Amino acid sequence: SFIQQQEIYQQAKNMELSFKGQAEVDMMDIEEDGCYYRISSVFREKISDPALYADATSLAWTHSTLCTTSFNILPLFTKRICIVRDPRDRALSAAKFAFTPYMQKHYPSPYSSPEEFMENEYSNLLERWVWFYGNYLLHKEELDIHFVFYERLLHDFPEELKSLLDYLQVSLSEEEQKEIEEAVTFSNMKNKSPKHLNKGKFGKWVEQLSKEQKELAIEKAGGLMQHLNYPLETAEGHGKLPSLTGDIPQNKLKEMLRDISWYELYNSNSL
C-alpha cells in the first residue's frame with residue numbers, strides 16, 4: 001500500500017469516514033493537470049512520480065473519467081479493471097447516498113430529498129454514465145481493460161470471478177474461490193460497512209422509477225445499455241443480465257459520445 005506508508009494515514013485511520021477502512025485504500029484522481037492521491041474528503045495531494053506510486057501499491061482505485069492523463073497513468077499498472085452498474089440503479093443509489101450523514105457533512109446536497117435529487121440530476125447522471133463507460137469502452141483494446149458487471153457479481157459470482165481470474169492470470173483452487181465468494185457476500189460486507197451498503201440488489205429501477213424516468217433512461221443511455229445487454233423493458237428488469245460478448249463498433253461509440261456536451265456535463269454547479 002502506498003497510502004499506509006504516508007504520514008497522513010496515521011491521522012486519517014481513526015477518522016470517521018464514509019466506510020470502515022477507507023483510509024487504507026489507495027485512491028487516485030486522474031485529471032488533465034495530473035494525478036492525485038487522496039483519502040476521501042479529508043486529504044488530497046498531487047503525485048510527484050506516478051511510476052513510483054504504481055510500484056508502491058498492489059491495488060489502486062479511481063472514479064475518474066478517462067482523460068489525456070489516463071493514457072500515461074493506466075499503463076503503469078499491469079492490469080486494469082472497470083466495474084459497470086446499470087445507470088438507473090446507479091442513479092437511485094447516488095440519490096440515497098447523497099443524504100447519508102457522511103455526505104451531508106462533507107458534500108451537502110442542495111436538494112431536500114432523494115426524490116428532489118433524482119428530479120434534478122437524473123438526466124445528467126444518465127449522460128455521465130454514457131460518457132464514462134463509452135470512453136473506456138472506446139479504448140478497451142488499447143488499454144487492455146477488463147469489464148466486470150455489478151449485476152453478474154450478485155447473480156453469478158463464480159462465473160464472473162472465473163472471468164476475472166482468467167484476465168488476471170491468477171490460478172486459485174476451488175476452495176480458495178469459495179472462500180472469496182463467502183467473504184464478499186453482501187451480508188458479510190454489510191457487517192463491515194453498514195453505513196456504506198444498503199440492500200445489495202439489482203433491478204431496483206423496475207419498481208422505483210416512474211414510466212417517464214424509464215423512458216428518459218432509454219432516450220439518454222439506451223444505445224449503450226443495449227450494446228451491454230442491459231434490459232430496456234421493465235419485464236426483463238430482474239432476469240436479463242448484462243454482458244460484453246463482443247466489441248462495440250467504434251463508430252457507434254463515437255456517435256453516442258458526440259451527442260454529449262462533456263464540458264457542460266462536468267462543469268455544472270449541481271454535482
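A few comments on the model shown:
- Residues in the range 75-85 carry Karplus couplings, in order, of x, 6, 9, 6, 9, 9, 10, 10, 9, 10, 9 Hz; the curve used is 6.51 cos²θ - 1.76 cosθ + 1.60 with θ = phi - 60°, and Gly or Pro positions show x.
- Percent accessible area from carbon and sulfur atoms, the chain, protein chains only, probe 1.4 Å: 49 percent
- Calculated on the Cα set of the range 57-210, radius of gyration then Dmax: 17.4, 50 Å.
- Share, in percent, of DSSP beta bridges within the chain that are antiparallel, nearest 5: 55 percent
- For the chain, the 222 nm mean residue ellipticity estimated from helices alone, with every DSSP H stretch of n ≥ 4 adding -39500 (n - 2.57) and the total spread over all residues, rounds to -13500 deg cm²/dmol.
- Taking label positions 7 Å along the Cα-Cβ direction at both residue 173 and residue 260, the computed distance is 4.5 nm, reported to one decimal.
- Surface calculation, 1.4 Å probe, protein heavy atoms: residue 259 sits at approximately 120 Å² accessible.
- Test item: Cα-centred dipole of the chain, Lys/Arg +1 and Asp/Glu -1 on Cβ, debye: 580 debye
- Proportion of all alpha-carbon pairs of the chain beyond 27 Å (%): 44 percent
- Here the range 108-180 has an Rg and Dmax of 17.9, 50 Å, counting Cα atoms alone.
- Once the Cβ-Cβ distance of residue 116 and residue 210 is raised to the sixth power relative to R0 = 25 Å, the FRET efficiency obtained is 0.95.
- Most mobile of 135, 72, 14 in a GNM of the chain (Cα contacts under 10 Å): 14
- On the beta carbon distance between residue 6 and residue 107, with R0 = 30 Å, the FRET formula returns roughly 0.80.
- The range 215-268 - accessible surface per residue (Å², probe 1.4 Å): 62 Å²
- Which of 122, 266, 133 is most accessible, then next, and so on - probe 1.4 Å: 266, 133, 122
- Near the amide H of residue 147, within less than 5 Å, lie the amide hydrogens of 82, all on another chain or at least 5 residues away, with H placed in the peptide plane.
- Under the Karplus curve 6.51 cos²θ - 1.76 cosθ + 1.60, θ = phi - 60°, whole-Hz ³J(HN,Hα) for the range 230-235, x wherever Gly or Pro sits: 6, x, 9, 9, 4, 4
- Normalised contact order of the chain, rounded percent, pairs of Cα under 8 Å and 6 or more residues apart: 18 percent
- In a simple Cβ point-charge model (Lys, Arg +1; Asp, Glu -1; nothing else charged), the range 23-146 has a dipole of about 260 debye relative to its Cα centre.
- Of 220/240; 13/162; 162/240; 79/220; 214/254, pairs whose Cα-Cα distance is over 27 Å: 13/162; 79/220
- Relative contact order, percent, the range 1-112 [alpha-carbon distance under 8 Å, six or more residues apart]: 22 percent
- GNM top mover of 90, 44, 152 - the chain, alpha-carbon springs below 10 Å: 44
- The slack in the chain from residue 61 to residue 100, taken as 0.36 nm per residue of separation less the alpha-carbon distance, amounts to 11.8 nm.
The values are calculated or read from the model by the stated rules, or taken from the named source; none is laboratory data. Keep in mind it's a predicted model, so treat the numbers as computed, not measured. Quick reminder, even Gly has a Cβ in these numbers, built from the backbone with ideal geometry, and neighbours come from all protein chains shown. Please note that ligands, DNA and RNA were not included when accessible areas were found on the heavy atoms of the full protein model with its side chains. Shrake-Rupley method; radii C 1.70, N 1.55, O 1.52, S 1.80 Å.
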